[in-house]
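Chemist: So that we are looking at the same thing, I have put the structure below in structure tokens.
Readers should treat all values here as calculations from the given coordinates under stated rules, not as data from a laboratory. Keep in mind the model is a prediction, meaning the values are calculated, not measured.
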Amino acid sequence: MMAACFIGLVGCISFGKTPTEFRQRASGTVEFSTPLALRPTYEIIKINTERCQTGDAGKADLQALGRFTMDTTNLTAETNIDEASGSATIDVRFRNVAANTLMQDIVLTAGAGGTHVIIYKLNDKEKWTTAALAVQGWLSGETACYKR
């Protein structure tokens, strides 16, 4: 019965399964530009997103999400870079039997003099707000993931 309620709850909450859906439903964005080129910006964000969201640093902090609990081993970071088009994405996704939803979407676009970064946030809770702000810090050499 509890599993059915959990599945029902996940079915009722819609975070967006595709980047387009997620961006339309995001609670907000954090945007900034960096003088770094697309490739180094992508690599720094990719490595730190994997470390913070899906590695050991993220395991203790992502146990509770809103009103239900999730298994953090189901978080994945999906990354893609297309240097020909000057764009890249880094998505944090939660996958299990009942759900396959995005939790964070980071879009990078190469431009004159650097890279523009847009981070789409799941919600305005401290975890996702500070996770979005941490991305900017990583590009300045900081290592913090987010506030616990």
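Chemist: Per residue of the stretch 102-108, what does 6.51 cos²θ - 1.76 cosθ + 1.60 with θ = phi - 60° give for ³J(HN,Hα)? Whole Hz please, x for Gly and Pro, Karplus curve as stated.
Modeler: 7, 10, 7, 10, 10, 10, 10
Chemist: Which ³J(HN,Hα) values in Hz, rounded to whole numbers, follow from the phi angles of the stretch 113-121 under the Karplus curve 6.51 cos²θ - 1.76 cosθ + 1.60, where θ = phi - 60° and Gly and Pro get x?
Modeler: Running phi through 6.51 cos²θ - 1.76 cosθ + 1.60 with θ = phi - 60° gives x, x, 10, 9, 10, 10, 10, 8, 9 Hz.
Chemist: Moving on to the next point. Using 0.36 nm per residue, how much length does the chain from Ser27 to Ala144 gain when fully extended, once their Cα-Cα distance is taken away?
Modeler: Full-extension gain reported as 39.9 nm.
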